[in-house]
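Chemist: Next up is a structure, given as structure tokens.
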Amino acid sequence: MSVADLLSDDAGTPSGRWRPRRGARRGAVADPAPGAGTPAAPGPDTSPVLELRGVARWFPGAEPVHALHAADLSVAAGDYLSIVGPSGSGKSTLLNLLGLLDRPSAGEYLLDGTPTARAPEAVRTALRAGRIGFVFQAFHLLPHRTVLENVLLATLYSGVPRRERRRRATEALERVGLGHRTGFLPPLLSGGERQRVAVARAVVTVPGVLLADEPTGNLDSASTGHVLDLFDELHRDGLTLLVITHDADVAARAGRRVRIADGHLEEIA
Ligand SMILES: Nc1ncnc2c1ncn2[C@@H]1O[C@H](COP(=O)(O)OP(=O)(O)O)[C@@H](O)[C@H]1O
Ligand SMILES: [Mg+2]
């Protein structure tokens, strides 16, 4: 896939609802009809969406910090992973690497099969913009922009006309149950509502992969429940989800669980 394809990610997508890419979901590619006379369609695409090969990250200094020891991890389209570990164990370091916000000190990280560790920044930026949505603990919404404008901003560089972007942003907000709050400023919303705006902003560009770093860390249990229900729904629709948390209940919602302790990654279920 070319960088131009990635940049025009949602061109041709008929709506702002999250849709898996063609063939991105395991088993999503149908067998050709017998005798159809067309070349055989490729089999189900089981190649990993994300793959870490011996990825390590250390921070040099007088006392170097080994934040992540050589880690291997393979995530298929449609997987839902939680990553648990105590404070300082390397969770955010891992998320920053997976989100192409940081480069490994060693090893290779493939996103959609594309090696990224030493790729030019333009390639990494295009991949990040086209494929990855982020949700952070602190929401990071612009306080003086409306809820709708906050979501619209994420679509700014998609090349899609403004009216269509607006329609998609509105639909994303309806999807997270906030269609009645589009004109509000974020400070007027509850924490749970703010995080749902952040989720709408993350998925409005149809990213394929959602990376969440302690998404429920600032939320009460009712709001946590709403956000987790939303994650379940997005996952059912084929989104690949990685959720970093130190909350065992949040972790338990994922189909795969990975533990990180002192920078060592270990799959536990
Ligand atoms: N830029 C940095 N420079 C030096 N040390 C860092 C840097 N970022 C993180 N660390 C260290 O790496 C370790 C893992 O940090 P982090 O990934 O943020 O942990 P977590 O998200 O699990 O709380 C910690 O010891 C932290 O202090
Ligand atoms: Mg952290």
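Chemist: Sum up the charges of everything whose Cβ sits under 15 Å from the Cβ of Leu141, counting Lys and Arg as +1 and Asp and Glu as -1, but leave Leu141 out. Could you put the intermediate results ahead of the total?
Modeler: Values: positive: Arg145, Arg181, Arg194, Arg196, Arg201; negative: Glu149, Glu193.
Once all neighbours under 15 Å are counted, the net charge is +3.
Chemist: Report relative contact order for the range 53-114 in percent, whole number only (criteria: Cα-Cα under 8 Å, sequence separation at least 6).
Modeler: Values: 67 pairs, mean separation 26.2, N = 62.
Value for the range 53-114: 42 percent.
Chemist: If I model a spin label at Ala252 and Ile268 as a point 7 Å from the Cα along the Cα→Cβ vector, what separation in nanometres do I get?
Modeler: Going by the 7 Å Cα→Cβ label model, 1.2 nm.
Chemist: Computed from the mean reciprocal separation of all distinct C-alpha pairs, what Kirkwood hydrodynamic radius does the range 183-265 have, in Å?
Modeler: 13.7
Chemist: If I stretch the segment between Asp232 and Arg167 completely, what's the gain in nm (0.36 nm per residue apart, minus their alpha carbon distance), one decimal?
Modeler: 21.0 nm
Chemist: Related question: So if I take the centroid of the Cα atoms in the range 57-80 and the same for the range 184-243, what is the distance between those two points in Å?
Modeler: Going from one Cα centre to the other spans 24 Å.
Chemist: Positive end of the dipole of the range 50-172, charges at C-beta (+1 Lys, Arg; -1 Asp, Glu), about the Cα centre: which of Tyr157, Leu111, Pro64 has its Cα farthest in that direction?
Modeler: Among Tyr157, Leu111, Pro64, the one farthest towards the positive end of the dipole of the range 50-172 is Tyr157.
Chemist: Taking the Cα centre of the range 119-246 as origin, sum charge times position over the Cβ atoms of Lys and Arg (+1) and Asp and Glu (-1), and report the length of that vector in debye to the nearest 20.
Modeler: 620
Chemist: If I stretch the segment between Leu101 and Ser190 completely, what's the gain in nm (0.36 nm per residue apart, minus their alpha carbon distance), one decimal?
Modeler: Once the chain is fully extended between Leu101 and Ser190, it gains 29.2 nm.
Chemist: Here's another thing I want to ask about it. Gain in length, Val123 to Phe59, computed as 0.36 nm per residue apart minus the alpha-carbon separation, to one decimal in nm?
Modeler: Going from the current span to full extension adds 20.6 nm.
Chemist: Suppose we keep just the alpha-carbon trace of the range 157-218; what are its Rg and Dmax in angstrom?
Modeler: Every Cα atom of the range 157-218 included, Rg and Dmax give 12.2, 36 Å.
Chemist: Where does the charge balance sit around Thr114 when Lys and Arg score +1, Asp and Glu -1, over other residues with C-beta under 11 Å from its C-beta?
Modeler: Computed value for this residue: -1.
Chemist: Per residue, how much space in cubic angstrom lies within the convex hull of the C-alpha atoms of the range 62-155?
Modeler: Hull volume over Cα atoms, normalised by residue count, gives 165 Å³.
Chemist: Further, regarding this structure: Would you compute, for the Cα atoms of the range 88-206, the largest minus smallest coordinate along each principal axis and list the three values in descending order, in whole Å?
Modeler: 47, 37, 22
Chemist: If we count every other residue with Cβ under 11 angstrom of Ser221's Cβ, Lys/Arg +1 and Asp/Glu -1, where does the sum land?
Modeler: Residues near Ser221 contribute -3 overall.
Every number here is computed from the coordinates shown, using simple stated rules; none is lab data. In this text the structure is predicted, and so the values were computed from the model without any measurement. As a convention, Cβ positions derive from the backbone with ideal geometry for all residues, glycine included, and neighbour counts pool all protein chains shown.
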